[in-house]
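Below is one structure; the comments refer to it alone.
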Protein chains: 2
Amino acid sequence: MSDSCPSSRYHHGDLPGALRRAAWDMVGEAGVRGLSLRECARRAGVSHAAPAHHFGSLEGLLIEVAADGYERMAVIMDEEIERAGDRLPGCGLGYIRFATTHPQQFRLMLGTDRGAGESPRLREAASAALGRLREAIRDAWIARHGQSPDDVFLEERTALAWSAAHGYALLSIDRQLLTTSLPSAWRVLSPLIETLLRP
Amino acid sequence: MSDSCPSSRYHHGDLPGALRRAAWDMVGEAGVRGLSLRECARRAGVSHAAPAHHFGSLEGLLIEVAADGYERMAVIMDEEIERAGDRLPGCGLGYIRFATTHPQQFRLMLGTDRGAGESPRLREAASAALGRLREAIRDAWIARHGQSPDDVFLEERTALAWSAAHGYALLSIDRQLLTTSLPSAWRVLSPLIETLLRP
DNA sequence: TGGGTGACTTGACAGTGTCAAGATTCAGTC
DNA sequence: GACTGAATCTTGACACTGTCAAGTCACCCA
């Protein structure tokens, strides 16, 4: 059963999933502004009003697609952690790799505003990505200092690491806007590792 | 002559400026998705097709409004530099202050994509903001080491500083999404100053 | 097997972006 | 002062959009 060929006329079978995949593809092709509910419905093979039953509105679909993005990001972060063999740089580089390979979707993810707080799935997915970074810092700290850092201190270092990775990711995707020659992620961010692990 | 009261029926007097101010206000009120060309035209007191003559399309208006954003950001960075008495933290804190006081406009600024590279005014405005940070790092380096840093090295440190400030700014405005308790900008970012100035 | 709910379809409405044709205003030249 | 051309609009049209309401079909459970 494909996305655009429903199992029956009034019962798609997996319409929410098909709509989210269609939205993901359209954002990748044409950016957030190029996304429309009706075109998603066409690609899923249903009528224009079908999505409302599952997502309420276009805004509702966008929020769920942003949550999808964080879940996909977590997968790439895990891959990069495994490839790098070192969790802390693996997390950061995975984050950046996701953003540079999915620039338009990445923009959607950080473009969602107040309504996004209402989605438990989005909150969880975003927190999970942040949690990987927090765990990586905690483990690196324990390896260096023999004991766990203070919770408040850990939050500060996590915020610093996330900020730097996030900001660098945006520099990468906005490169025509800000600079024509951006130094590599490693060269820019590796000095930060020492900072994160110093009391 | 106000924005919505043209000096004559077929000659507004400053229509481009009025449209950009209307767009700025609408983005602030309802986010990028809440902006429409026709509503901007209504607020400026002209017909729906008038903006096309100045901006070509909605996309063209968005790009110019993003450039406005960077110019306003530069003003706030300069104010914060003066208030802090120290350029490097002043730049960073000014950047963050702008983002947290204009979250929706800030999102517009980083939401612009490929077409934005075409606007010399946007490129210049964005580069000027980045240039302030580069100058602040260079000056702080000279104060510490007695001579200017290598250009490549300076670009790396500038990218690191921008990334961290930018990332923290986004954490601030997305706070319902990622965390309910974000440590202050100073506590998160001040360890970075030492990193920026170490060879 | 029937009923209730879920999952759609159809149709309508208001708003949008953009384009084309036309009207008005301004500025420069003679 | 009149004329001309360009700038700056207005009007109208079209296609697309999001959302809502009413109706139809499919599925599942008692």
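We did not get these values from a lab; they are worked out from the coordinates using the rules stated. Computed from a predicted structure; not experimentally measured. Virtual Cβ from ideal backbone geometry, glycine too; neighbours counted across all protein chains shown.
Please average, across the residues of B:165-174, the number of beta carbons from any other chain that are within 10 Å of each residue's own beta carbon, and give a whole number.
Details: counts 3, 9, 13, 7, 3, 6, 6, 2, 2, 10.
That works out to 6 on average.
Dipole of the protein assembly as shown, Cα-centred, from +1 at each Lys and Arg C-beta and -1 at each Asp and Glu C-beta, to the nearest 20 debye? Display every interim value, and only then the final one.
Details: 46 positive and 50 negative charges, 100 e Å.
Roughly 480 debye, rounded to the nearest 20.
May I have the extent of the alpha carbons of the protein assembly as shown along their three principal axes, as whole Å values ordered from largest to smallest?
The Cα atoms of the protein assembly as shown stretch 61, 61, 34 Å along the principal axes, largest first.
If you take each beta carbon of peptide A:124-136 and count the beta carbons of other chains within 10 angstrom, what is the mean? List each step's numbers first, then the result.
Numbers: counts 0, 1, 4, 3, 0, 1, 4, 0, 0, 0, 0, 0, 0.
Whole-number average of other-chain Cβ neighbours for A:124-136 is 1.
If we restrict to alpha carbons, what Rg and Dmax does the range B:1-56 come to, in Å?
10.6, 32
In a Gaussian network model over chain A where Cα atoms closer than 10 Å are linked, find which of A:GLY28, A:GLY69, A:GLY56 has the largest mean-square fluctuation.
Among A:GLY28, A:GLY69, A:GLY56, the largest GNM mean-square fluctuation belongs to A:GLY56.
Under the definition of Cα pairs under 8 Å and six or more residues apart, what whole-number percent is the relative contact order of chain B? Don't skip to the end; give the middle numbers.
Values: 225 pairs, mean separation 36.3, N = 199.
Relative contact order for chain B comes out at 18 percent.
From the phi of every residue in the range B:86-94, what ³J(HN,Hα) in whole Hz does the Karplus formula 6.51 cos²θ - 1.76 cosθ + 1.60 yield, where θ is phi - 60° and glycine or proline is x?
Listing the rounded values in order: 9, 5, 5, x, x, 4, x, 5, x Hz.
For the range B:62-196, evaluate the Debye formula with one uniform point scatterer on each Cα (no solvent term) and list log10 I(q)/I(0) at q = 0.17 Å⁻¹, rounded to two decimals.
-0.94
Tell me, what ³J(HN,Hα) does each residue in the range B:41-46 have, in order and in whole Hz, if you take phi through Karplus 6.51 cos²θ - 1.76 cosθ + 1.60 with θ = phi - 60° and put x for Gly and Pro?
Here the 3J(HN,Hα) series is 5, 4, 5, 7, x, 10 Hz.
Determine the distance separating the Cα centre of the range A:146-163 from the Cα centre of the range A:68-145; give it in Å without decimals.
16
With +1 on each Lys and Arg Cβ and -1 on each Asp and Glu Cβ, and nothing else charged, work out how big the dipole of the range A:5-155 is about its Cα centre, in Debye to the nearest 20. Could you put the intermediate results ahead of the total?
Working: 19 positive and 21 negative charges, 107 e Å.
In total the dipole reaches around 520 debye.
How large is ³J(HN,Hα) for each residue in the range B:124-141, as worked out from phi by the Karplus curve 6.51 cos²θ - 1.76 cosθ + 1.60 (θ = phi - 60°), to whole Hz, x for Gly and Pro?
Going residue by residue, I get 5, 5, 5, 5, 5, 4, 5, x, 4, 5, 4, 5, 5, 5, 4, 5, 5, 5 Hz, with x marking Gly and Pro.
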